[in-house]
1. For the chain, what does the helix formula give at 222 nm: sum of -39500 (n - 2.57) over DSSP H segments with n ≥ 4, over the residue count, nearest 500 deg cm²/dmol?
2. First check a/c for the stretch 1-83, with a ≥ b ≥ c the square roots of the eigenvalues of its C-alpha gyration tensor; if it is under 1.5, answer rounded, and if not, answer prolate when a/b is larger than b/c or oblate otherwise.
3. With a cut-off of at most 14 other beta carbons within 10 Å, and DSSP calling the residue loop, which GluC sites (Glu not before Pro) in the stretch 54-102 qualify? Please list them.
4. Sticking to Cα atoms, compute the Rg of the stretch 83-125 to one decimal and its Dmax as the biggest Cα-Cα distance, whole number, in Å.
5. Can you give the accessible area of Ser145, probe radius 1.4 Å, in Å² rounded to 10?
6. How big is the equivalent ellipsoid of the stretch 7-154 along its three axes, where each semi-axis is √(5λ) from the Cα gyration tensor, reported in whole Å from largest to smallest?
7. Could you give the semi-axes, largest first, of the ellipsoid that matches the chain, computed as the square roots of 5 times the alpha carbon gyration tensor eigenvalues and rounded to whole Å?
8. Could you sort out which of Lys22/Lys280; Lys22/Lys103; Lys22/Lys348; Lys272/Lys362 sit more than 32 Å apart by Cα distance in this structure?
Amino acid sequence: MKKTENQMLIIFGASGDLTARKLIPAIFNLYKGGDLPDNFVVLGVSRSDFGDLNFRNKVVLESPYLEDERKEHDQAFIQKFADKLFYEDLGSDYDTSYERLEKRISDLDQKYGTNGNHIFYLSTPPSLYEPIAKNLSDQGLNDESVGWRRIIVEKPFGYSLNSAKELNDGLHTYFKENQIFRIDHYLGKETVQNLLVTRFANSIFEPLWNRNYIHHVEITNAESVGVEKRGGYYDKSGALRDMFQSHLLQIVALIVMEPPLSADAEEIRNEKLKALKSLKIMTDEKTLYENTIRAQYVASKIDGKEVKGYREEEGVDKNSTTETFAAIKFFVDNWRWADVPFYVRTAKRMPTKVTEVVIHFKTPHHQIFKESGINNKDNKLIIRIQPDEGILIKFGVKVPGQGFEVERANMDFYYSSLTETHVMEAYERLLLDAMQGDATLYARADEVEAAWAFVDPILDYWKNGKNVKMYGYSAGVWGPENANDLFDGVSEWRNPSENLADDPGYCVIC
Ligand code: BG6
């Protein structure tokens, strides 16, 4: 097990939702698991007029996100954790002098022996990343002559290729690339990491992992919720920016990449970069028209309850053309994957919450059991990222009795069967990695830019292209029915559950 050095975690945006909902519970889990170093403090920083005690109350002692933990553990144990937390009010603006902040950090550092090791976690709007980095640098807080300094930034990382490059350039003015940790919480999910292990720790999959045996690859990321309270943010972002450019292309990179030389962070990230650069960028309108579909959920009734359409959501423009469903077909321009189509979709307000990768294998070259009824039941490897995390192989078995009737059987593994094992939450794992300086599960600057390079022309086409349609799908169904057209009649999306609303069709909104 790697050693975690004494350190201080400074969270910008500490009064925000992410801190209370994800970050502090993740740190609490590390505390519970004995994974925090002996000397460790958290300094929350934001513009709210709090003191240490208010902050501890908000994110620990009265936090709804730690309610179960408070019931489970005694008061002294919880209080000991809360006492590790401090708060510094920045006043009205993040873009201000950090002289006072520097003094506070240095006082805490001396008092609690955190050895000058600091992580700055930026849980703020991205527009503040560069000003915060500059203000930290003005106080020498990026200087690693005494202790190390790291900065973690949340997604979205940029809004387009250009803005991502600008952001990278801006951060690189003050921090070196090896100090910057770009978080993508999907990489913290156990099953996403297991993609690497499935492929490279077994000898049975990799020989088949190519165009000779794989017919197509399908990835579904579905959420049953709508945009909830985030309409304002989401309407400027949309499914492609919010989920596809980051989380889903990271998954794609892990499927597409070549075996790395070792499990070293740079070796893995080099291969992921190569994979992302090999995605065939679609530029002409015809290709974009034929291979991309966007849609918005419209009002429907689920279980007799009215569900709002996207345009009726709080913070969303009544005439919005932001997609809540995106389905993209694309190819990978390299030796391993030539001509194998990849189908990736992501959406809100689907029948259920699920993320899965399905590797569809080709039909056996020569069919012996022609009358077996096995047509269209080719082998599939299903990697279930969430929920019911696990792996399933669908293969043909003989139905007992005369003749050779073949049926599909499942061979499966579920993480829940490992009852003894504590499966870390994504943020818990990623924070611990950053605390130990391991960047394997963080996205590097060039990876993020390569992902944007693929996504940019699609966004541009959806915004400015001719003949671009916005389809509508009823909240609670598996997207617009015509999303199956991407498969050209050869196959269709695998929907892991039934539609919830009665109207599975689609309409053209604009
Ligand atoms: C976030 C997106 O990155 O991921 C959200 O901004 C989305 O819109 C969320 O709901 C999904 O994460 P998870 O882990 O619940 O699949």
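1. Result for the chain: -8000 deg cm²/dmol, rounded to the nearest 500.
2. oblate
3. Answer in residue order: Glu62.
4. Just the Cα atoms of the stretch 83-125 yield Rg and Dmax of 11.5, 31 Å.
5. Result for Ser145: roughly 90 Å² accessible.
6. Gyration-tensor ellipsoid for the stretch 7-154: 25, 17, 13 Å.
7. 41, 26, 24
8. Flagged as over cut-off: Lys22/Lys280.
The values are calculated or read from the model by the stated rules, or taken from the named source; none is laboratory data. None of the values given here were measured: they were computed from a predicted structure. Glycine gets a Cβ as well: all are built from the backbone with ideal geometry, and neighbour counts include every protein chain shown. All accessible areas refer to the heavy atoms of the entire protein, side chains included, with ligands and DNA or RNA removed. Shrake-Rupley method; radii C 1.70, N 1.55, O 1.52, S 1.80 Å.
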